Every structure is written in structure tokens, then in C-alpha cells.
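Heads up: the structure comes next, in C-alpha cells.
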Amino acid sequence: MASSLDLSYMKLVRFTFSLIDCWPHRDMKSKKPIPLANNKFLFCEFRLTLPWTKAYRQLIIDFVENIHIFHYKGDSDYSKKMHYKIHKVSTYFTIFLHVQMYSGIILFNITPLHNNIKAGLFKEKVSPNDTIAIELSLYYDLPFDCQENLKAYFAVFIFNFFVSFVNTFTMCINELFISLIAIHLWGHFKILQYNLINFPRPKEIKLNISYDEESTITNLLIKYMKQHRVATDFLSKTVNVFGPTMCLYYLFQQISECIVLCEICKLDAEALGKYGILTLVIFQQLIQISIVYEIMSSMNEKIINAVYGLPWEHMSVRNQKIVLFFLQNVQVPFNLRALDMVPIGAQTMVVIIRTSFSYFIMLRTIAYD
């Protein structure tokens, strides 16, 4: 494989992004696989305006060409092992999310159709007084009647499929990309931690004797400092690009979780068929991003301990200064706040879920009273 895009899950990610024109084909000078896809016709979706920005497109390019763990698998045996591990996790994660998306879209739209067929949508009416309450996945105030006209009904049915498709992909693919970035950055930090823990030690420890008269130790320290800077800089770019989106995403989670809980609380076949997968996806997306970034955030302390564990006491004064500078850099906490206000992690996840259930219980109590 010559490129990270040759990996199976990256092909799927590229294709999925291309369906709603969120892949920077022009910037990467690649052929567009879906010629008719154009997000400029879907500008009402806030997240679909992100591909218009240069920062978003450059973020994808940097991830594919520079950050992807594929480019580092030849550095060492541990890097190769970490590449395979990240590849498996990313593949399973990508496939699982796609199965959720397609299942949710199909069930959300097919359930009302199934109910209409059971009610006799395609059967001749027994008497003129018979009426069928036509169900739709989404309802509109239309200038024509789709209750009596089958052609109008199926036109709305197909349109609802399209709307569900666009909204589902818009809701999920950015979370997929953000999660993949976090997984790969976690891999970078794990490789860096391993390299620091296994940093070359002096063969004989003697008082006041330096073991790095040559430039080997200096070059290694500078190399690891650059690795840390590249990973943290890309993390900051990711948070800056997706900052406004993440704030709106948390607001969307707060509202949508209350709605789907109210819809699914009936626990009948219709509610579970129409909203079951949707509820699972909404909660899973929030938990997934929060847990992934919480795990990556925990690497900060591990990197600090690994740098402090370097045999700095046996280095020359010059290299001790480099280690000190390195230690100062790694002590800066990761910037995991959307718009520098909302923390991205488990704490925010718990608050949103707890608040959603509180609102749901309140609304359910009011409804029954």
C-alpha cells in the first residue's frame, strides 16, 4: 500500500464523505467518485458549510498525508504493532457506525410504510366510508394531498428518505472523523510514551560522568520533542476547526435526547422500530466522542511521567536543558475545549445525559398528569 487511502476503512470513509461532498477532492487533486454530489445545494445543514472553509479541508489533508499512523509503521517494531492495532480499531469502529447509520435510515422510513401496508394502503377500500390514516416519517404542510394520491405519497416518501439520509450522514460523519483523529493521536502518544520509556540508558552509571558525548542522545530528544509538538498542534487545529460545531452538537444532543426518550418510552414495536436505532446512535455518538477524547487526554500525564523518567541526571548540561524544555512543553494540558469554553470529555457527557433524563422525566410527568 502506497497511501493511507488504500486502507479499507479509509476508502469507506472517503466514499461516505464524498456522498455529501465533504471530501477535499479538488485540494487533493483526486477524482470525485460521486459527480452529482454537491453540498452547496444543502447549505441549510450547518455542518455542511464546514467543507467550504480552507481550515477544514486542510485538516483532512494533514490527517491523511501526515498524521495517519500508516506513515509511521516503519519507524520501529512497536510503531508497526501500533499501526495494526489502530487499523483494527478504526476498521471495526467505521463499519459499526455505518451499519448503525444505514439501519437507522431504513427503519425510520420503512416502519411507517409497513404500518400503511398493514392498514390497507394498497388494498381496495371495502366501502366509501373507509379511510386510512397515512403515516410518514416526516410530516409537512403541503399544497397537495398525499393521503389519497399514491404518487404524491411516494414522492414524499422518497423525499423523506433523502432528508433522513442527509441528516444522518451530516450528524455522524464529522463525529466519525473527529473520533478517528483522536484514535490516531492516541496511537502517536502511545508510540512516544514507549520511546521515552525505552530511551537509551548509560551502560555504566558513574557519578558526574555523562554518557552522551556524541550527538545521538541530542538527536533523539529533538526527534521526540518534534513528535510531541506535531501531535499536540494537530489536536489544537482539530479543536479549533470543530469548535463551533461541537458547541452546537452538544446543544443538539441535549434537545434530541429528550425527544427520542419521549418517543421511545412507549416501548411498542412501532416506537422501537422507528426510534430504536436512532436513540442508540444519538447516545452512542455522545458517549463515543467523550470516552475517546477522555482516554487521549489521560495520555498527557503519562507523557509527563515518561519525560521525567528520562536519565537526565547522567546527561550533559546541554541535553539536560533540552529535557527541561521538553518537560515544560508536555506539562501544558491538551486543549480539549470547544471554543475554549465547553470541555470535550466524560464530564460534559455525564452532565448532558443526566440533564436529558431529568427533562424527560419532567415532560413525561406533565404529559401523564
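From most to least packed by mean Cβ count within 10 Å, the peptides 152-163, 175-186 give 175-186, 152-163. Computed over the chain with a Gaussian network model linking Cα atoms closer than 10 Å, the most mobile of ASN329, ASN300, ASN240 is ASN329.
Compared with the alpha-carbon gap, the fully stretched path from LYS321 to LYS118 is longer by 65.4 nm at 0.36 nm per residue.
Cβ-Cβ distance of ARG26 and ASN240, R₀ of 22 Å, FRET efficiency by 1/(1 + (r/R0)^6): the value works out to about 0.45. The 3J(HN,Hα) values that the Karplus relation (6.51, -1.76, 1.60; θ = phi - 60°) gives for region 328-340 are, in residue order, 5, 5, 6, 7, 6, x, 4, 7, 10, 10, 6, 6, 6 Hz. Gly and Pro appear as x. Taking Cα centre as origin and charging only the Cβ of basic (Lys, Arg, +1) and acidic (Asp, Glu, -1) residues, the dipole magnitude of region 4-368 rounds to 960 debye. Packing around the peptides 137-144, 285-292, taken as the average count of other Cβ atoms within 10 Å per residue, puts them in this order, highest first: 285-292, 137-144. You can think of it this way: the chain between LYS88 and ASP6 has 28.1 nm of extra reach, that is 0.36 nm per residue less the Cα-Cα gap.
When Lys and Arg each count +1 and Asp and Glu each count -1, what net charge do the other residues less than 13 Å away from ILE303, Cβ to Cβ, add up to?
+2
Report the calculated FRET efficiency for PHE154 and ASN329 (r = Cβ-Cβ distance, R0 = 45 Å), to the nearest 0.05. Once rounded, the FRET efficiency stands at 0.15. For ARG337, the residues 5 or more places off, or on other chains, whose built amide H falls under 5 Å of its own are ILE344. Our helix-only sum for the chain, with -39,500 (n - 2.57) per DSSP H run of n ≥ 4 divided by its residues, gives a mean residue ellipticity at 222 nm of -23500 deg cm²/dmol. What the phi angles of region 250-259 give under the Karplus curve with 6.51, -1.76 and 1.60, with θ = phi - 60°, is a coupling list of 5, 5, 4, 4, 4, 6, 5, 5, 5, 5 Hz, glycine and proline written as x. Treating r as the C-beta distance of ASP141 and PHE46 and R0 as 25 Å, the FRET efficiency rounds to 0.60.
Rounded to the nearest whole Hz, the Karplus-based 3J(HN,Hα) values (6.51 cos²θ - 1.76 cosθ + 1.60, θ = phi - 60°) of region 303-310 follow the sequence 5, 4, 5, 5, 5, 5, x, 5, with x at glycine and proline.
For the chain, the residue among LEU310, THR111, TYR275 whose Cα projects farthest onto the positive side of the dipole built from Cβ charges is LEU310.
Values quoted throughout were computed directly from the atomic coordinates according to the rules given, and no laboratory measurement underlies them. Note that the structure is predicted; figures quoted are calculated from it, not measured. When we count neighbours, we look across all protein chains shown, and the Cβ atoms used for this are built from the backbone with ideal geometry, even at glycine.
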